[in-house]
């Protein structure tokens, strides 16, 4: 899990009343991320169930997100933070999340695009922003976007609400996007001096594509869809 994904998740929880129970798929905390990858404190007061395909740190229940044993409409919020790249039956996993969510439930998802292969236990897929947005078409409200260079972003991310969406979904989504951009600006300005110098030097000897990736790392764009109307935030 990377810092910007945690920030996206936290801001989603701040701007939307993510109902319980909360099910996190991909909750196994790999070596070096124990406690850091724990998202439970963002959803205080709600029943929280960490799910993964193997037992271990952060896992309360062994589940395959593409074939869960969870009842229809049993989940209030589903988190899949950097998870779906590791799910082979990924289309089925999207259907399962929609099935187990209750009406008005929230689905939070982030996934890498321009990122190294990382096997936990294996790595199968990369989704473009357009692919993720289309996968979320069954939802009544969606804020979907990416972070990084527009031609090859490093991360795609979305919040989706199963119908019926709250009437002020668009306002909440726009506010969340604004807050996330503010977090990105602060994160970039807070980089240690050594890192800022390294990035400037890298602009000299890197390829054109690499320079573009580096300079746009903290750039983000989102599209907000709600029922029949579409609003652009970016």
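Miscellaneous remarks
- Candidate set from the range 161-191 (those that are outside any helix (DSSP H, G or I) and touching a helix residue (DSSP H, G or I) at 6+ places or on another chain (Cβ under 9 Å)); member that is farthest from residue 72 (Cα to Cα): 191
- When residue 203 is tested against (1) surrounded by 16 or more Cβ atoms within 10 Å (Cβ to Cβ); (2) touching a helix residue (DSSP H, G or I) at 6+ places or on another chain (Cβ under 6 Å), just one condition goes unmet, and that condition is (1).
- Residues of the range 103-134 classified as touching a residue at least 60 places away in the same chain (Cβ under 8 Å), surrounded by 15 or more Cβ atoms within 10 Å (Cβ to Cβ) and part of a strand (DSSP E or B), total: 5
- Test: residue in the range 88-95 that is assigned to a strand (DSSP E or B) and in contact (Cβ under 8 Å) with a residue 40 or more places away in the chain: no
- Check on residue 35, on the phi > 0 side of the Ramachandran plot and either surrounded by fewer than 15 Cβ atoms within 10 Å (Cβ to Cβ) or in a loop (DSSP other than H, G, I, E, B) (or both): yes
- Restricting attention to the range 74-102, the residues that are surrounded by fewer than 23 Cβ atoms within 10 Å (Cβ to Cβ), touching a helix residue (DSSP H, G or I) at 6+ places or on another chain (Cβ under 7 Å) and more than 14 Å from residue 132 (Cβ to Cβ) add up to 1.
- For the range 38-52, the set of residues classified as surrounded by 15 or more Cβ atoms within 10 Å (Cβ to Cβ) and more than 19 Å from the chain's Cα centre (by Cα) consists of 46 only.
- Test result for residue 5, in a helix (DSSP H, G or I) and either without any contact (Cβ under 8 Å) to a residue 40 or more places away in the chain or within 18 Å of the chain's Cα centre (by Cα) (or both): yes
- Unique match (being at pLDDT 90 or above, assigned to a loop (DSSP other than H, G, I, E, B) and within 17 Å of the chain's Cα centre (by Cα)) among 78, 65, 59: 65
- Some residue of the range 14-22 being in contact with a helix residue (DSSP H, G or I) (Cβ under 8 Å, 6 or more places away or on another chain) and part of a helix (DSSP H, G or I): yes
- Within the span defined as the range 153-174, one or more residues are in contact (Cβ under 8 Å) with a residue 40 or more places away in the chain, loosely packed, with under 15 Cβ neighbours inside 10 Å, over 21 Å from residue 5 (Cα atoms) and touching a strand residue (DSSP E or B) at 6+ places or on another chain (Cβ under 9 Å).
The values are calculated or read from the model by the stated rules, or taken from the named source; none is laboratory data. Note that the structure is a prediction, hence the values are computed from the model and not measured. Quick reminder, even Gly has a Cβ in these numbers, built from the backbone with ideal geometry, and neighbours come from all protein chains shown.
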